[in-house]
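Chemist: After the structure tokens below, expect a handful of questions from me.
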């Protein structure tokens with residue numbers, strides 16, 4: 001029997017409707033923050049994310065400013081895909097930046113070592129999920 005407590009998220013954990021909303025809200029905020037170019041660009045970043053991934057702008061806005069009681073399945077999975085795509089895009093940018101820094105400063109430079117450790121930990125987290 002499927003009740004509200006019997007739902008499972010994509011990781012296999014039991015969650016109720018509020019848990020799905022919280023997870024979607026987290027993905028939306030992190031994705032928009034990664035896309036934002038600075039103060040004053042937040043709404044424009046939401047529009048770019050909405051256009052790029054086919055998520056309604058109104059859904060992103062509601063998840064940021066007026067938390068809904070539930071989230072539609074299509075929006076939930078679109079946000080999941082958008083979050084992962086942005087995460088991978090940022091990791092790729094960091095790898096390229098790290099490569100350039102390693103060529104300039106040397107592979108033993110503190111910033112290169114820290115960025116390499118971050119990329120490795122993110123890759124391990126992505127594999128665990």
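The values are calculated or read from the model by the stated rules, or taken from the named source; none is laboratory data. As the structure is a computational prediction, the values presented were derived from the model and not from experiment. Note: ideal-geometry Cβ built from the backbone for every residue, glycine included; neighbour counts use all protein chains shown.
Results for (1) under 30 Å from residue 16 (Cβ atoms); (2) out of contact with any strand residue (DSSP E or B) (no Cβ under 8 Å at 6 or more places or on another chain); (3) in a helix (DSSP H, G or I); (4) free of Cβ contacts under 8 Å to residues at least 24 places away in the same chain, shown as yes or no for each residue.
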{"position": "48", "(1), (2), (3), (4)": "no, yes, yes, yes"}
{"position": "60", "(1), (2), (3), (4)": "yes, yes, yes, no"}
{"position": "63", "(1), (2), (3), (4)": "yes, yes, yes, no"}
{"position": "78", "(1), (2), (3), (4)": "yes, yes, yes, no"}
{"position": "102", "(1), (2), (3), (4)": "no, yes, yes, yes"}
{"position": "108", "(1), (2), (3), (4)": "no, yes, no, yes"}
{"position": "115", "(1), (2), (3), (4)": "no, yes, yes, yes"}
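Chemist: Quick one: which residue in 71, 32 is farther than 25 Å from residue 94 by Cα, surrounded by 13 or more Cβ atoms within 10 Å (Cβ to Cβ) and at pLDDT 90 or above?
Modeler: From the options 71, 32, the qualifying one is 71.
Chemist: Exactly one of (1) modelled with pLDDT under 95; (2) at negative phi; (3) loosely packed, with under 13 Cβ neighbours inside 10 Å is unmet by residue 98. Its number?
Modeler: With (1) modelled with pLDDT under 95; (2) at negative phi; (3) loosely packed, with under 13 Cβ neighbours inside 10 Å applied to residue 98, the lone miss is (3).
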